[in-house]
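Let me begin by presenting the structure, written as structure tokens, before commenting on it.
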Amino acid sequence: MRCCAADQFERKTSPLDPDMSAAGDRLFRDLARNAEGAVLLCTDLHAGNILASEREPWLMIDPKPYIGDPTYDALQHMLNRERLMSDPLRLVERMAGLLDLDAQRLRLWLFARCVIEAPDWPNLGQVARALAPE
């Protein structure tokens, strides 16, 4: 998966401390490089992009396709959940279980994505702090 989001992040001012910003940026790039397998990703899968359909029970619209780590694809849905702000760790565990994903890898991806998005969505800084690796 290309790291254009990480490249754009480098040009923005983050509300997070520099060490956390650097850790999130580095992790975003590392996770993209060290996935066990690569699949076709939607990258914009959230409730607003899933419609009831006649041909199939559900229709996914507006994909933003990339090839990359399957764990990454859960993030957009998670970022659009109110639960993310109130209990990000529990949301990670729940989504990992529902999607049969590695919870630690999902947590790291979500931390990195929150760091990358924090300049535009400052509330994600709070989530990044809650998810930060020990």
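The values are calculated or read from the model by the stated rules, or taken from the named source; none is laboratory data. On a predicted model such as this, the values are computed, not experimentally measured, just so you know. Every residue, glycine among them, receives a Cβ derived from its backbone with ideal geometry; neighbour counts consider all protein chains shown.
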Residues of region 20-54 that turn out to be among the acidic types (D, E) and under 16 Å from V127 (Cα atoms), as a count:
1
When you scan region 58-134 for helices (runs of 4 or more DSSP H) that lie fully inside it, which ones turn up with 3 or more residues that are more than 13 Å from the chain's Cα centre (by Cα) and in contact (Cβ under 8 Å) with a residue 24 or more places away in the chain?
124-131
Only one of A32, A23, A47, A38 that is of a type outside the set (V, I, T) and modelled with pLDDT under 85:
A47
Which residue is nearest to A112 (Cα to Cα), if the candidates are limited to region 61-72 and must be surrounded by 14 or more Cβ atoms within 10 Å (Cβ to Cβ) and not acidic (D, E)?
Y72
